[in-house]
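Engineer: The structure under discussion is supplied below as structure tokens; questions concerning it will follow.
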Amino acid sequence: MQQKLNKEIWKAVQFHPLFQGVDERTALSLVEECEALTYGKKEMMLKTDTPRQGLLLILQGIAEVFVKNAAGQEEVLEVIQKGEIVGFSSLAEFLGFSSADKPQANVEVRSVEEVRALLIPFSVLAKRWDDQDVHDYLLTQVSIRLKDVYGSLAEQVKMAKGIGEGETILARVQDLMSEKIASVSPDTSIQETAQRMVGSKTSSVLVVENGELKGIITERDIVGRVVSKGISFNEPSRVVMTENPVTISRFAYYYDALSEILLNGIKHLPVVDDGKISGVITLTDLLRKKNDSMMRTIKKIDEADETRLPEIKAAIYEITETLMRDRIPALALLDIITKLYDRLIGRAVELSLKGLREKGFEPPASFAFYLMGSAGRGEQFMLTDQDHFLVYGETEEHGYFEKLGAEITARLEAAGYARCKGLMMSSEEQWRGTLLQWQDRVRKWMLQSTNDNLLLAHNFFSYRFVAGSEELNEEFEAKITELLERSKIFLYRMVQTEKEQEIPTLDEPVRALFKLARKSIDMKKEILFPFHHSLQILSLYYGGVPGTPLEKIASLKGKGIFTEGFTEDLKEAFSHVLDLYIRQRWGINGGSSVLSFATMSTRQKDELILSLRTLRELQGMVFARFSV
């Protein structure tokens, strides 16, 4: 039985450099000294502080080498696959430069999936040591491993220095918030609440009942909801408070708080954990910690006139650069930058309406303005081509909205948005119209599913409402949803097109990426576009139309389409790919979306491989849903 097993092992390893070139009898004698091992999924293969007995050759499956940092968090250093070896550091023991009895500190190895391995003891290595091919193989593998380790170490040092200088990413809300809380009860009069603000020298007061946060009142509320509307100051605070305000944990990071404030258009965040109020953090607190560039930029956008629009792009780019230097996660960075761009879009629309009003033109009907493409998905970290459309209520005076579309397009161009080469802008007749016209337009795309119309539809369905009438937006979305309920064939055609653009797989050994004929990957065309299209098709199929990718993922999870585990994996994969893409586009490569494998650390390559698997799983769900 053992002899049969040894022969099977020899057949599996006969072409490996450590065994290649010897006769079967010699090979079998070497194999007899080795030990065949099997590990279940997530089983420890080599533990920390355990003496190494030799090299571990992977015959089947995948293993990962990891280390725990001071906080107890695991960092995967390397992924080891079939034909690769674990334990090169123990060669020092074999060569006599260190004692085999001395434990190998820190590094551990475990299986990712079921693994079959062969423990090759030092005694076998000694018998093969005089073979020049074995020398060359080990030298090559150690050199490659050393290169990866130094590359990864250099990357970590750079990251550590960046964090140390910026400090922002390390700052938590509890380090920045004010613990002095001004509070009133819901029944406290508005007069007393205003006096409490003055006495406490604060611009906001929390409304608390039995220790529970019920609302918040700010100076702006006193002016906008009381003074301007003539409400009596004797009315209770509950009349003017903002109920169920947005809150944040004291353990959240600086960028989490900044993102919440900008995304929700607020300036005060109560700090609450497990129902207990511990403080308040404001936009001023955050900007004081960093610098005043964010405040200057927001003020610059809100006060921009025709001549100052061109200044805004540079200001937003400066903030983006700062956030990237502080290693803010991609999704948090996009949350912040998208909010700034949305303010810019809103200002451009305001100036356009004002310009027409000064010429004697007033809107004959309500309107809604939408962004598409990367801006619609909330992923526009650089000002690229314009992608937008205009919807307006039923009217005979189409000329006004022709002028409005042209005004908006011109102002966005002045702000740094290039005109869309495909003319997907509200200045063009086919990208503006009444509700009825848009309904007919989308119906035509669905009935005539040519490749051109499918491309138009994909871009269109990435839309996001940013300015105008919310009531008209709700009516517009209802019309589009109604069309989708009767257009399953259209979605099927979209899936057929996606079948031609499958997300690639890089399931080769990590270091083999350097030796592949493929040396790079186009992040935009080969990964992000197929991902967005797949997510969009699933969202459309299950009745959801607008929203960012994260909103669509959350919606599909809520409908039971995605499991909780897959949802987290998908968000993680999307975040990782986005981070690589943003830094690639922002880097010194002239804005290219093509990522070279040679520029990546070992850890980045490992994460990319796992991320692509998850994104391919999403794409596979779409193909399976439509039996393509």
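The values are calculated or read from the model by the stated rules, or taken from the named source; none is laboratory data. Given the structure is predicted, the values throughout are model-derived calculations rather than measurements. Because the Cβ atoms are built from the backbone with ideal geometry, glycine has one as well, and the counts that use them run over all protein chains shown. When the accessible area is computed, the model is the full protein with side chains, heavy atoms only, and any ligands, DNA or RNA have been set aside. Shrake-Rupley method; radii C 1.70, N 1.55, O 1.52, S 1.80 Å.
Engineer: Which pairs turn up if I take residues in the stretch 50-62 that are under 19 Å from GLY40 (Cα atoms) and look for partners that are of a type in the set (Phe, Trp, Tyr) and at pLDDT below 85 with beta carbon separation below 9 Å, at least 6 apart in sequence or on another chain?
Structural biologist: none
Engineer: Out of the residues in the stretch 18-36 that are closer than 27 Å to ARG110 by Cβ and open to solvent by 40 Å² or more (accessible area, probe 1.4 Å), which is nearest to the chain's Cα centre (by Cα)?
Structural biologist: ALA36
Engineer: Just to confirm my filter: which helices (runs of 4 or more DSSP H) fall fully inside the stretch 252-367 and include at least 2 residues that are crowded, with 19+ Cβ neighbours inside 10 Å and modelled with pLDDT of 85 or more?
Structural biologist: 330-358
Engineer: Related question: Since ARG585 meets every condition but one in (1) farther than 21 Å from THR505 by Cα; (2) in contact with a strand residue (DSSP E or B) (Cβ under 9 Å, 6 or more places away or on another chain), which condition does it not meet?
Structural biologist: Checking ARG585 against (1) farther than 21 Å from THR505 by Cα; (2) in contact with a strand residue (DSSP E or B) (Cβ under 9 Å, 6 or more places away or on another chain), the one that fails is (2).
Engineer: So GLN501 clears everything in (1) free of Cβ contacts under 8 Å to residues at least 60 places away in the same chain; (2) over 30 Å from GLU617 (Cα atoms); (3) of a type outside the set (Gly, Ala, Ser) except one condition, right? Which one?
Structural biologist: Unmet condition: (2).
Engineer: Shifting gears a bit: In the stretch 408-422, how many residues are under 16 Å from ALA375 (Cα atoms), surrounded by 14 or more Cβ atoms within 10 Å (Cβ to Cβ) and hydrophobic (A, V, I, L, M, F, W, C)?
Structural biologist: 4
Engineer: Look at the stretch 588-604 and say how many of its residues are surrounded by fewer than 20 Cβ atoms within 10 Å (Cβ to Cβ), within 19 Å of PRO504 (Cβ to Cβ) and either modelled with pLDDT of 80 or more or small (Gly, Ala, Ser) (or both).
Structural biologist: Adding up the residues that qualify gives 5.
Engineer: Give me a count of the residues in the stretch 395-409 that are without any contact (Cβ under 8 Å) to a residue 40 or more places away in the chain and aliphatic (A, V, I, L, M). Quick ask: steps written out before the conclusion?
Structural biologist: Filtering the stretch 395-409 for residues without any contact (Cβ under 8 Å) to a residue 40 or more places away in the chain gives 395-399, 401-402, 405-406, 409.
Now restrict to residues that are aliphatic (A, V, I, L, M): 406.
Here the count works out to 1.
Engineer: Separate question: Condition first: open to solvent by 40 Å² or more (accessible area, probe 1.4 Å) and either aromatic (Phe, Trp, Tyr) or more than 22 Å from SER462 (Cβ to Cβ) (or both). Now tell me which residues in the stretch 555-567 satisfy that.
Structural biologist: Correct list: GLY560, THR563, GLU564, GLY565.
Engineer: So, one more: I'd like the residue in the stretch 368-408 that is acidic (Asp, Glu), out of contact with any Ser or Thr (no Cβ under 7 Å at 6 or more places or on another chain) and not in a strand (DSSP E or B) and, out of all such residues, is nearest to MET523 (Cα to Cα).
Structural biologist: Among those that are acidic (Asp, Glu), out of contact with any Ser or Thr (no Cβ under 7 Å at 6 or more places or on another chain) and not in a strand (DSSP E or B), it is GLU379.
Engineer: Separate question: Give all pairs with beta carbons closer than 7 Å in which a residue from the stretch 444-469 that is in a loop (DSSP other than H, G, I, E, B) meets a residue that is open to solvent by 40 Å² or more (accessible area, probe 1.4 Å); count only pairs at least 6 apart in sequence or on separate chains.
Structural biologist: Pairs found: SER449/ARG493; SER462/ARG377; TYR463/PRO546; SER469/SER366.
Engineer: Here is a further query. Which residue out of ALA92, ALA63 is at pLDDT 65 or above, under 23 Å from SER143 (Cα atoms) and among the small types (Gly, Ala, Ser)?
Structural biologist: ALA63
Engineer: Just checking, which of LEU610, LEU570 is out of contact with any His (no Cβ under 6 Å at 6 or more places or on another chain), farther than 24 Å from GLU477 by Cβ and buried (at least 20 other Cβ atoms within 10 Å of the Cβ)? It would help to see each step written out before you state the result.
Structural biologist: Working: LEU610 fails: buried (at least 20 other Cβ atoms within 10 Å of the Cβ).
Every option except LEU570 fails the conditions.
Engineer: Does GLU428 count as in contact with a Pro (Cβ under 8 Å, 6 or more places away or on another chain) and over 19 Å from GLY547 (Cα atoms)?
Structural biologist: Criteria not met by GLU428.
Engineer: When you scan the stretch 536-554, how many residues do you find that are surrounded by fewer than 22 Cβ atoms within 10 Å (Cβ to Cβ), of a type in the set (A, V, I, L, M, F, W, C) and without any contact (Cβ under 8 Å) to a residue 60 or more places away in the chain?
Structural biologist: Selection size over the stretch 536-554: 1.
Engineer: Look at the stretch 100-117 and say how many of its residues are outside any loop (DSSP other than H, G, I, E, B), under 11 Å from LEU46 (Cα atoms) and at pLDDT 50 or above.
Structural biologist: Pass one, the stretch 100-117, residues outside any loop (DSSP other than H, G, I, E, B): 104, 108-111, 115-117.
Checking which are under 11 Å from LEU46 (Cα atoms) leaves us with 104, 108-111.
Filter once more, keeping what is at pLDDT 50 or above: 108-111.
Residues that pass the stated criteria total 4.
Engineer: Please go through (1) at pLDDT 90 or above; (2) open to solvent by 70 Å² or more (accessible area, probe 1.4 Å); (3) part of a loop (DSSP other than H, G, I, E, B) for GLN191 and return the number of the only condition it doesn't satisfy.
Structural biologist: Just one mismatch for GLN191, condition (3).
Engineer: Do we have any residue at all in the stretch 434-454 that's more than 16 Å from HIS388 (Cβ to Cβ), open to solvent by less than 30 Å² (accessible area, probe 1.4 Å) and within 27 Å of the chain's Cα centre (by Cα)?
Structural biologist: Yes - at least one qualifying residue is present in the stretch 434-454.
Engineer: Can you confirm whether the stretch 225-237 contains a residue that is touching a strand residue (DSSP E or B) at 6+ places or on another chain (Cβ under 9 Å), charged (D, E, K, R), closer than 30 Å to ILE316 by Cβ and free of Cβ contacts under 8 Å to residues at least 24 places away in the same chain?
Structural biologist: Checked the stretch 225-237: no residue is touching a strand residue (DSSP E or B) at 6+ places or on another chain (Cβ under 9 Å), charged (D, E, K, R), closer than 30 Å to ILE316 by Cβ and free of Cβ contacts under 8 Å to residues at least 24 places away in the same chain.
Engineer: Out of the residues in the stretch 66-81 that are among the hydrophobic types (A, V, I, L, M, F, W, C) and buried (at least 21 other Cβ atoms within 10 Å of the Cβ), which is modelled with the highest pLDDT? Full working, then the answer.
Structural biologist: Step one: filter the stretch 66-81 for residues among the hydrophobic types (A, V, I, L, M, F, W, C), giving 66-67, 70-71, 76-77, 79-80.
Then drop every residue that is not buried (at least 21 other Cβ atoms within 10 Å of the Cβ), which leaves 79-80.
On the way: VAL79: 71, ILE80: 78.
Applying the filter and picking the extreme gives ILE80.
Engineer: Identify, by number, the condition in (1) in contact (Cβ under 8 Å) with a residue 40 or more places away in the chain; (2) within 17 Å of ASP273 (Cα to Cα); (3) open to solvent by 10 Å² or more (accessible area, probe 1.4 Å); (4) in contact with a Ser or Thr (Cβ under 7 Å, 6 or more places away or on another chain) that SER178 doesn't meet.
Structural biologist: Of the numbered conditions (1) in contact (Cβ under 8 Å) with a residue 40 or more places away in the chain; (2) within 17 Å of ASP273 (Cα to Cα); (3) open to solvent by 10 Å² or more (accessible area, probe 1.4 Å); (4) in contact with a Ser or Thr (Cβ under 7 Å, 6 or more places away or on another chain), the odd one out for SER178 is (4).
Engineer: List the residue pairs whose Cβ atoms are under 9 Å apart, where the first residue sits in the stretch 506-535 and is modelled with pLDDT of 70 or more, the second is open to solvent by 40 Å² or more (accessible area, probe 1.4 Å) and among the acidic types (Asp, Glu), and the two are 6 or more positions apart or on different chains.
Structural biologist: Matching pairs, first to second residue: PRO530/GLU502.
Engineer: Of all the residues that make up the stretch 37-53, how many are among the aliphatic types (A, V, I, L, M) and open to solvent by 50 Å² or more (accessible area, probe 1.4 Å)? Quick ask: steps written out before the conclusion?
Structural biologist: The first filter runs over the stretch 37-53 and keeps only residues among the aliphatic types (A, V, I, L, M), leaving 37, 44-46.
With the extra rule that they be open to solvent by 50 Å² or more (accessible area, probe 1.4 Å), the set shrinks to 44.
Qualifying residue count, the stretch 37-53: 1.
Engineer: Of the residues that sit in the stretch 1-56 and are of a type in the set (S, T, N, Q) and assigned to a loop (DSSP other than H, G, I, E, B), which one is farthest from ILE120 (Cα to Cα)?
Structural biologist: For the stretch 1-56, the residue satisfying everything is THR48.
Engineer: Do we find a residue being surrounded by fewer than 18 Cβ atoms within 10 Å (Cβ to Cβ) and over 20 Å from SER469 (Cβ atoms) anywhere in the stretch 385-396?
Structural biologist: Yes, some residue in the stretch 385-396 is surrounded by fewer than 18 Cβ atoms within 10 Å (Cβ to Cβ) and over 20 Å from SER469 (Cβ atoms).
Engineer: What are the residues in the stretch 4-17 that are more than 46 Å from the chain's Cα centre (by Cα), open to solvent by 50 Å² or more (accessible area, probe 1.4 Å) and in contact (Cβ under 8 Å) with a residue 12 or more places away in the chain, if any?
Structural biologist: LEU5, LYS7
Engineer: Continuing with this model, one more query. What's the number of the condition VAL223 fails, among (1) within 30 Å of the chain's Cα centre (by Cα); (2) modelled with pLDDT under 85?
Structural biologist: Here VAL223 clears every test but (1).
Engineer: Then there is this: Say whether the condition of being modelled with pLDDT under 85 and either open to solvent by less than 60 Å² (accessible area, probe 1.4 Å) or of a type in the set (A, V, I, L, M, F, W, C) (or both) is met by at least one residue in the stretch 461-481.
Structural biologist: No, the stretch 461-481 contains no residue that is modelled with pLDDT under 85 and either open to solvent by less than 60 Å² (accessible area, probe 1.4 Å) or of a type in the set (A, V, I, L, M, F, W, C) (or both).
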